[in-house]
Amino acid sequence: MPTRQLNWVVVVVSILIVIFTSVSCQKKEQEAVKGKKIKVITTLFPLYDFAKNIGQDKAEVVLLLPPGVEPHSFEPKPEDIVRINKADLFVFTGKYMEPWAEDVLKGLDHKNLIVVDSSHGISLMEEKGKHEHQHGHQDEHKEVHGHKEDHTHQHKEGHHHQMDPHFWLDFGHAQKMIDHILEGFVQKDPSHKEFYLQNAEQYKSRLNELDLKFKEVLSRCKKKVFVHAGHFAFGYLAKRYGLEYVSAYGFSPDAEPSPQKMVELTKTLKKHGLQHIYHEELITPRVAETLAKETKVSLLKLHGAHNLTKDELDKGITFISLMEENLKSLEVGLQCQ
Ligand SMILES: [Zn+2]
């Protein structure tokens, strides 16, 4: 064979090899996506429930929080970080719920990880009445004791601007969170876009129905205020349905309620003739029990849905079923007709 002709053959064969390899690689990648489930790590129960409903049999969704663990004081262990590093999608609530997320994500060496910040575009609330309340404290103290230490206390806390991270309890915000998770799924696996979209739409319409039910039931109650002996988790819910709400703690249940807070809760119960006090999930309702005994009211549960116990997970409890239970509890406590 002449050299020229031989050169041509080499070039053509090389081109064919390149084309063939690239086609077969693409095919392999597609097959991998087709056969493999998308690995999703979520930080909080609502996100877990939303992602499971969107991904269904095409996703393997993991809740990072171990069952029954209080989420505000949770920090991921090294093995959790390894799991996040191996995932396709990481869904977190936002920086006020998971202050550790930013640093953990910076430390990962996983370029293809899709990160979903579910708080994106949602305007967060500041702790309601915190400022006025502290002024109230200050005045009260001054009148009685005139202590200097109250000054430092107010000063320190006055500069602390914490935003309320419990926005999943506003079902309008919850629908936006679903949209963000959906975007993550579609970005990872665009070939099943329609499937994810349909599932997300279905879930959102159920949340819409739930919202209407809350509006309807809560519009016919004798009372418009409720007392919660837990942390301040229901600010968004109260705001959405025009309710007032007093809680024993701030945004996380890690401090003892002050004696003034206990007095405020007792006063609110008496002033409004309430017959029930709410306690939260996952934590022994010690404060609620004390108040209930003192004021002769009954206890009811309001579930913030942050996390579930092992027992609740085994029972297959969903975000929507938890919220339906909450509505029943509110219906009783607010004396709805
Ligand atoms: Zn909380």
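The values are calculated or read from the model by the stated rules, or taken from the named source; none is laboratory data. Everything numeric here is computed off the predicted structure, so don't read it as measured data. Positions of Cβ are backbone-derived with ideal geometry, glycine not excepted, and every protein chain shown enters the neighbour counts.
List every residue pair whose Cβ atoms lie under 8 Å apart, where the two residues are 6 or more positions apart in sequence or sit on different chains, the first residue falls within region 53-76 and is over 29 Å from GLU201 (Cα atoms), and the second residue, located anywhere, is within 13 Å of the ligand (Cβ to nearest atom) and charged (D, E, K, R).
HIS72/ASP254; SER73/ASP254
Among residues belonging to region 71-88 that are in contact with a helix residue (DSSP H, G or I) (Cβ under 8 Å, 6 or more places away or on another chain) and buried (at least 19 other Cβ atoms within 10 Å of the Cβ), point out the one that is farthest from LEU108 (Cα to Cα). Can you show your working first?
As a first pass, look at region 71-88 and keep what is in contact with a helix residue (DSSP H, G or I) (Cβ under 8 Å, 6 or more places away or on another chain): 76, 81, 84, 88.
Filter once more, so that each one left must be buried (at least 19 other Cβ atoms within 10 Å of the Cβ): 84, 88.
Details: ILE84: 8, ASP88: 13 Å.
Filtering first and then ranking leaves ASP88.
Scanning region 185-217 for residues that are touching a strand residue (DSSP E or B) at 6+ places or on another chain (Cβ under 7 Å) and either of a type in the set (S, T, N, Q) or closer than 30 Å to GLY273 by Cβ (or both), which turns out surrounded by the fewest Cβ atoms within 10 Å (Cβ to Cβ)?
If we take residues in region 185-217 being touching a strand residue (DSSP E or B) at 6+ places or on another chain (Cβ under 7 Å) and either of a type in the set (S, T, N, Q) or closer than 30 Å to GLY273 by Cβ (or both), then GLN187 is surrounded by the fewest Cβ atoms within 10 Å (Cβ to Cβ).
In a loop (DSSP other than H, G, I, E, B), at pLDDT below 95 and small (Gly, Ala, Ser), is that true of SER73?
Numbers: in a loop (DSSP other than H, G, I, E, B): yes; at pLDDT below 95: yes; small (Gly, Ala, Ser): yes.
Yes, satisfied.
Among the residues of region 286-337, write down those that are of a type in the set (Lys, Arg) and either within 16 Å of the ligand (Cβ to nearest atom) or under 21 Å from ARG206 (Cα atoms) (or both). Lay out the reasoning, then the answer.
Step one: of region 286-337, the residues of a type in the set (Lys, Arg) are 286, 293, 296, 301, 310, 315, 328.
Correct list: LYS301, LYS315, LYS328.
Only residues that are part of a helix (DSSP H, G or I) and polar (S, T, N, Q): list them for region 291-303, please. So that I can check it myself, show each step before the final result.
The initial filter retains those residues of region 291-303 that are part of a helix (DSSP H, G or I), namely 291-295.
If the condition is that a residue be part of a helix (DSSP H, G or I) and polar (S, T, N, Q), then THR295 is the only one that fits.
Which numbered condition in (1) among the β-branched types (Val, Ile, Thr); (2) in contact with a strand residue (DSSP E or B) (Cβ under 8 Å, 6 or more places away or on another chain); (3) over 28 Å from PRO67 (Cβ atoms) is the only one that VAL263 fails?
Of everything listed in (1) among the β-branched types (Val, Ile, Thr); (2) in contact with a strand residue (DSSP E or B) (Cβ under 8 Å, 6 or more places away or on another chain); (3) over 28 Å from PRO67 (Cβ atoms), VAL263 misses just condition (2).
Tell me which residues, restricted to region 218-231, are surrounded by fewer than 21 Cβ atoms within 10 Å (Cβ to Cβ) and either in contact (Cβ under 8 Å) with a residue 24 or more places away in the chain or of a type in the set (A, V, I, L, M) (or both). Please lay out each step first, then the result.
Taking region 218-231 first, the residues surrounded by fewer than 21 Cβ atoms within 10 Å (Cβ to Cβ) are 218-225.
Matches in region 218-231: LEU218, ARG220, CYS221, LYS222, LYS223, LYS224, VAL225.
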